[in-house]
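The values are calculated or read from the model by the stated rules, or taken from the named source; none is laboratory data. Source: prediction; values computed, not measured. Glycine gets a Cβ as well: all are built from the backbone with ideal geometry, and neighbour counts include every protein chain shown.
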């Protein structure tokens, strides 16, 4: 009786190694498939590809254990994850309100926000928001609706640095008003 021939186990794939926490495999996957993911992201989201690539790879690390080489190649699996993540990002962005959805910035005065369930702190915050410069208020309102600074910049045609400055200054003004801090204090 002849012993059964020995077939060596195939080397684990990069994604299998990623799934078990192999840090070297993570770096190798980035080096091997970074270009593929980048090119897919650029086609879907030319202006925000860097954030998209980061989200794709995070999703890929979470999904690596689902990879089955009998079903698809690593490149096909990674491209599928990238495509799904990009479609999700596009759908999310479409659900977010745009500046066209806001015909007039909401007012948060005592008259419009009064009622037994509204506490004094909420009224104070609403007054502070109403006292901001219109562009600061617009940036904070859009930000509170889930838009990133980049998305706000693109939608209202304001430079990204200016959007960030308005957000910071607006939040500082509201903080000062809520804490009763003198406007000249840092």
Flagged in the range 31-47 as over 16 Å from residue 67 (Cβ atoms) and in contact (Cβ under 8 Å) with a residue 12 or more places away in the chain, in numbering order, are 34, 38, 40, 41, 44, 45, 47
Yes/no for residue 113 being at pLDDT below 85, in contact with a helix residue (DSSP H, G or I) (Cβ under 7 Å, 6 or more places away or on another chain) and not assigned by TED's automatic domain parsing to the domain that holds residue 40 | yes
Using the structure shown, decide if residue 93 is under 30 Å from residue 139 (Cβ atoms), at pLDDT below 95 and not in a loop (DSSP other than H, G, I, E, B).
-> yes
Tally, over the range 144-186, of residues that are modelled with pLDDT of 80 or more, within 19 Å of residue 94 (Cα to Cα) and assigned to a helix (DSSP H, G or I) = 8
